[in-house]
Amino acid sequence: MPKKQFKAESKRLLDLMINSIYTHKEIFLRELISNASDAIDKLHYLSLTDGGVEHGEFAIRVSFDKDARTVTVSDNGVGMDRDELENNLGVIAASGSYRFRQEVGERDDVDVIGQFGVGFYAAFMVADEITVVTKKYGSGQAYRWQSSGADGYTVAACEKDGVGTDVVLRLKPDAADETYSEYLDGYRLRGLIKKYSDYVRYPIRMPSGAAEEWETVNSMTPLWQRKRGEVTDEEYAKFYQGLTRDFEAPQRIVTVATEGGVTYKALLFVPASKPMRFNTEAFEAGLQLYSAGVLIMDKCDALLPDYLRFVRGVVDSPDLSLNISRELLQHDRQLRVIAKNLEKKVLADLEKFLKDDRAGYERFYANFGRALCYGVAGEGGETRRDSLRDLLLFYSSAERKLTSLREYVDRMPEAQKYIYYAAGESVAQIDALPQTELLKDRKYEVLYLTGDADEFVLQALQSYADKPFRSIVDGDLELPDAEDAAVEEKPELMQFVKDTLGDKVKEVKASRRLKTHPACMAAGAGLSFEMEKYFKSFDLPQPMRAERVLELNTAHPAVLAMEAAMAADRPKAERYARILYDQALLIAGLPLDDPSAYTDLIAELMV
């Protein structure tokens, strides 16, 4: 029988199909099963609109023959006549599913995903010959389409029992770099069906091993398509653990069902513990993306902003605009809509979590609070600060536990102007800072910031409930009772210490915040000390350094001794100044300029 030739542009597209469009060869099975599902959808639609349509149980069958090196995908859908074979398979990128959607319009009961007419040709990635035997519903004649690729195809009448389509692939011989025989293994084929087509709405069956018996391989109805009240926590936990390989049940479950501009359903989980490698580049974020029950992307990171990368789960939408390979998206308008809505849903659930289960939320915050902080202080944070500010927690000096900004403000005295905070490596280290004494005496609450992003967060927020944030380490405290202003300035002493230390310090000043300690180090305008430490962890060409402002307690005996030595023993007074400077650095958690020189100074004063 003479072969018919593909059109010239179809030959070029076929070559592109086989060599370029699909990332993984295993995709061929997903495409053939999706086509089979679409064919059944069409006959199912006809049965709804035409009372005379008769059909048995709809199903898709997948089988293999090792001796013949064939894989067969069969359906009992609508089938094709000769003209449709010519139009659908003789012209690459002609989509029968797309034409069907145009004919019936947008209907809720019609959900086919084939749009480009190229998925069938993915089979040529693994097959050197494809045979299609099909019989259209309502026709008494079957046809066989056969092709070995770009050299053309044949179409001939044949016999077939029942309507539908059988697609038979004769696999290519194994090569040094490709083992096509892997698709002649039942376990491998079942794995691909579970991975890509588990939620196709019709049963996908494979031989069970027993004679004439077929086993349903796929789940068909995904968990996210069922109402929340119909699914137990145990079922959700089992699904989550299978999805993530986590040994624990999830801490939170969020279900979403939206209809309108973009219709989709989502099932999201918040892990109970931090995933392995979560804070490394090796961690793969993203949700599984499905279209009509068919897996499109395993890790779609466009569905949630990066600061919510700890959220796992699935999204399923029939409205996605798929590209030619169904692996990426033609455009991302739908994804942006879905992502915006999912972000709102997750944040609303976290707000409820904080309100209903404080202890549980604090466990969540220990794992993922840093991510929320980066949501505020990171790129794009200005658009979500209002949404995140009430989800943040900080350690309270007064409550001795975590507190929210709202709770802090509700406890503030009416005359208090600022929300006070101090940053450091640990609660104990901050609590020991000399700058905390005065506020503790006056019963003012201080937020202790121990996270590496906490200070960036407060700077990004600037204020909460019209109360600006004020560091107790940098700048004046401006306490409402003004008692901290009553200090003796001693400008001559300050100038002496500044001359002694030179450019090591930006300024030396009398302190309005010290009580029992002789000295402390404050940062000048701009960078704080904690930010300096943070940026030091990066390999920057020019290290970032905060300005040093040495504050002295002019009433402390050590400072008075230095003042007395200015006249009696000026070199000794200079040693006092350098010692107080180094001690202030140590208390602030900053490195000494010269540790050896510091120990020598102490030793000199001991002899």
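The values are calculated or read from the model by the stated rules, or taken from the named source; none is laboratory data. What you are looking at is a predicted structure, and each value in this text was computed from that prediction instead of being measured. Counting neighbours? That spans all protein chains shown, and the Cβs are built from the backbone with ideal geometry, glycine included. Accessible surface is based on the protein model in full, side chains and every heavy atom, while ligands, DNA and RNA are left aside. Shrake-Rupley method; radii C 1.70, N 1.55, O 1.52, S 1.80 Å.
Odds and ends about this structure:
- Number of positions in segment 457-473 that are open to solvent by 60 Å² or more (accessible area, probe 1.4 Å) and closer than 24 Å to V549 by Cβ: 2
- The set of residues in segment 413-430 that are open to solvent by 40 Å² or more (accessible area, probe 1.4 Å) and not hydroxyl-bearing (S, T, Y) comprises P413, E414, A415, K417, E425, V427, A428, Q429.
- Residues that are touching a strand residue (DSSP E or B) at 6+ places or on another chain (Cβ under 6 Å) and at pLDDT 70 or above number at least 2 in the following helices (runs of 4 or more DSSP H) confined to segment 14-109: 27-49, 82-89.
- Qualifying residue in segment 215-227 (condition: β-branched (V, I, T), under 28 Å from E31 (Cβ atoms) and surrounded by fewer than 19 Cβ atoms within 10 Å (Cβ to Cβ)): yes
- Enumerated strands (runs of 3 or more DSSP E) restricted to segment 223-342, each holding at least 1 residues that are more than 23 Å from R201 (Cα to Cα) and in contact (Cβ under 8 Å) with a residue 24 or more places away in the chain: 252-258, 264-270, 312-316
- Annotation: K490 fulfils all but one of (1) on the phi > 0 side of the Ramachandran plot; (2) touching a His at 6+ places or on another chain (Cβ under 6 Å); the unmet one is (2).
- The residue that is farthest from K515 (Cα to Cα), counting only those in segment 431-451 that are part of a loop (DSSP other than H, G, I, E, B) and open to solvent by less than 50 Å² (accessible area, probe 1.4 Å), is G451.
- The listed residues are E574, E530, and the only one of them that is acidic (D, E), over 29 Å from A428 (Cβ atoms) and open to solvent by less than 70 Å² (accessible area, probe 1.4 Å) turns out to be E574.
- E182, sole failed condition from (1) of a type outside the set (S, T, Y); (2) more than 32 Å from the chain's Cα centre (by Cα); (3) not in a helix (DSSP H, G or I): (3)
- Residues satisfying the stated conditions in segment 161-179, i.e. modelled with pLDDT of 95 or more and either out of contact with any helix residue (DSSP H, G or I) (no Cβ under 8 Å at 6 or more places or on another chain) or over 23 Å from Y121 (Cβ atoms) (or both): D166, V168, R170
- Residue within segment 345-360 that is aromatic (F, W, Y), farther than 21 Å from D452 by Cβ and crowded, with 16+ Cβ neighbours inside 10 Å present: yes
- Restricting segment 194-208 to residues that are at pLDDT below 95 and outside any loop (DSSP other than H, G, I, E, B), the residue that is surrounded by the most Cβ atoms within 10 Å (Cβ to Cβ): Y196
- Single match in A150, A142, A176 (criterion: surrounded by fewer than 16 Cβ atoms within 10 Å (Cβ to Cβ) and either on the phi < 0 side of the Ramachandran plot or over 39 Å from the mean Cα position of the chain (by Cα) (or both)): A176
- If you check A465, A460 for being at pLDDT 90 or above, more than 20 Å from M412 (Cβ to Cβ) and small (G, A, S), only one passes: A460.
- Checking V508, V497 one by one, the residue that is under 49 Å from the mean Cα position of the chain (by Cα) and either part of a loop (DSSP other than H, G, I, E, B) or at pLDDT 85 or above (or both) is V508 and no other.
- Members of segment 319-344 found to be closer than 30 Å to F120 by Cβ and either modelled with pLDDT of 95 or more or open to solvent by less than 50 Å² (accessible area, probe 1.4 Å) (or both), listed by number: L320, S321, L322, N323, S325, R326, E327, L329, Q334, L335, I338
- Of all residues in segment 374-398, those that are open to solvent by less than 50 Å² (accessible area, probe 1.4 Å), of a type outside the set (K, R) and in a helix (DSSP H, G or I) total 6.
- Checking each residue in segment 404-430 for being over 28 Å from E551 (Cβ atoms) and assigned to a strand (DSSP E or B) picks out only S404.
- Within the option set D410, D454, D476, being surrounded by fewer than 20 Cβ atoms within 10 Å (Cβ to Cβ), of a type in the set (D, E, K, R), under 19 Å from L393 (Cβ atoms) and under 41 Å from the mean Cα position of the chain (by Cα) holds for one residue only, D410.
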